[in-house]
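The values are calculated or read from the model by the stated rules, or taken from the named source; none is laboratory data. Note that the structure is predicted; figures quoted are calculated from it, not measured. Heads up, the Cβs are rebuilt from the backbone with ideal geometry, glycines too, and the neighbour counts pull from every protein chain shown. With ligands, DNA and RNA removed, areas are computed over all heavy atoms of the protein, side chains included. Shrake-Rupley method; radii C 1.70, N 1.55, O 1.52, S 1.80 Å.
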Amino acid sequence: MKEISIVFMGTPEFAVESLSQILLHGFNVKAVVTVADKAAGRGLKVKYSPVKAFALSKELPVFQPENLKDPDFIKDLQETGANLFIIVAFRKLPEVVWRIPSLGSFNLHASLLPQYRGAAPINHAILNGESRTGVTTFFLNQGIDTGALIMSEAIEIGENETAGELHDRLSVAGADLVIQTIQAIRDEKVEPRVQEVVGGLKTAPRLFREHCFVLWGRSATEVHNHIRGLSSYPGAYSFLRSDDSGREVKLLRSEVTHLKVDRMPGEVVIAENGGMLVACNDFFIELLQIQPAGKKVMTGVDFLRGNRAGRLVFGSDVNPICC
């Protein structure tokens, strides 16, 4: 059985659950590495990353290097004496860093590798209409999400589940897998496996605004997956036009109906229950939750209650890139 001492590297809320579980299980965390502080919001107040805020609450040493190859940072890591580095939602590490610990450096990724390598695996799994995803731990190498596999756990995706909801479930499942992986390394029971690509390889590149525009000429299922795959961040959007104005609207929650369309794609129809139906190329979807620009999040019913005058149609002034 190996004695384990850890340097943990991470930034967003997704990584906090893993660090929390590591501490709850009594593992020795020598230091935490996260991004540099940023000024944000009105007044440009300094904002800590979620991982830093949590680490400070537990009185853990925190490193925030601007340059991961900085000799002083490398020296700081070496002087911790940690023999295992754990990375959850952080930056790509240079080899000079991930080769430091004697037991290796492993990463938690929110997909069943080798599928959905990249920065946005949760979003892309839903955008592509997957019914199943998971979490994977693997040892780092020179590539991006290409190292030897350690463990994985599959999770079913609900047909109306949003990326935000799946994110929260995978954070918990991932933390549990991190603990199992540490225990396996400690007990010398790890048998890494080379990633084998069978069939097509689906990737998960970073998402930009141009990927978030909704194309109403697609099927209702595709539009629904687009909306929930980007909810709540970065958020699918469209332009809603009435007889005398237009506005940008973020689309946060939807459902596919069994109502066949008799309107042009993007046209809004009021359902018998007051709901907001939008035509796609086969069926209507119902918009359950939206956010007009500059407004609070509201239901489709509430939006229509205050916007019953004239014809409403979702359209575009842009040339979007389809997801």
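Of everything in the range 1-17 that is among the β-branched types (V, I, T) and either surrounded by fewer than 18 Cβ atoms within 10 Å (Cβ to Cβ) or outside any strand (DSSP E or B) (or both), the residue that is farthest from the chain's Cα centre (by Cα) is I4. Does L240 fit the bill of being within 17 Å of N123 (Cα to Cα) and among the aliphatic types (A, V, I, L, M)? So L240 fails the test. When residues in the range 176-220 are screened for being closer than 22 Å to F106 by Cβ, surrounded by 19 or more Cβ atoms within 10 Å (Cβ to Cβ) and under 15 Å from the mean Cα position of the chain (by Cα), 1 of them pass. Somewhere in the range 240-251, is a residue of a type in the set (G, A, S) and at pLDDT 95 or above? No, the range 240-251 contains no residue that is of a type in the set (G, A, S) and at pLDDT 95 or above.
Kindly indicate whether K52 is free of Cβ contacts under 8 Å to residues at least 12 places away in the same chain, charged (D, E, K, R) and touching a strand residue (DSSP E or B) at 6+ places or on another chain (Cβ under 9 Å). Here the answer is no, as K52 does not meet what is asked. Out of P71, P65, one residue alone is open to solvent by 10 Å² or more (accessible area, probe 1.4 Å) and touching a helix residue (DSSP H, G or I) at 6+ places or on another chain (Cβ under 7 Å). It is P65.
Restricting the range 266-284 to residues that are touching a Leu at 6+ places or on another chain (Cβ under 9 Å) and more than 15 Å from L240 (Cα to Cα), the residue that is surrounded by the most Cβ atoms within 10 Å (Cβ to Cβ) is F284. Look at the range 286-300: where a residue is within 18 Å of H224 (Cα to Cα) and a partner is open to solvent by less than 50 Å² (accessible area, probe 1.4 Å) and assigned to a loop (DSSP other than H, G, I, E, B), sitting 6+ places away or on another chain with Cβ atoms under 7 Å, you get E286/A271; E286/G275; G300/G275. Scan the range 23-40 for residues that are surrounded by 19 or more Cβ atoms within 10 Å (Cβ to Cβ) and modelled with pLDDT under 95 and report the count. Residues flagged as surrounded by 19 or more Cβ atoms within 10 Å (Cβ to Cβ) and modelled with pLDDT under 95 within the range 23-40 amount to 0. When the residues of the range 18-57 are filtered to those that are of a type in the set (K, R) and not in a loop (DSSP other than H, G, I, E, B), the one that is nearest to Q78 (Cα to Cα) is K30.
One residue stands out in the range 132-161 among those that are buried (at least 22 other Cβ atoms within 10 Å of the Cβ) and not hydrophobic (A, V, I, L, M, F, W, C): the one that is farthest from L84 (Cα to Cα), namely T133. Looking across the range 145-163, the residues that are under 30 Å from H224 (Cβ atoms) and either free of Cβ contacts under 8 Å to residues at least 12 places away in the same chain or touching a strand residue (DSSP E or B) at 6+ places or on another chain (Cβ under 9 Å) (or both) come down to D145, S152, E153, A154, I155, E156, I157, G158, E159, N160, T162. Taken as a whole, the structure leaves R117 outside the set of residues that are within 23 Å of I185 (Cβ to Cβ), open to solvent by 20 Å² or more (accessible area, probe 1.4 Å), among the charged types (D, E, K, R) and without any contact (Cβ under 8 Å) to a residue 60 or more places away in the chain.
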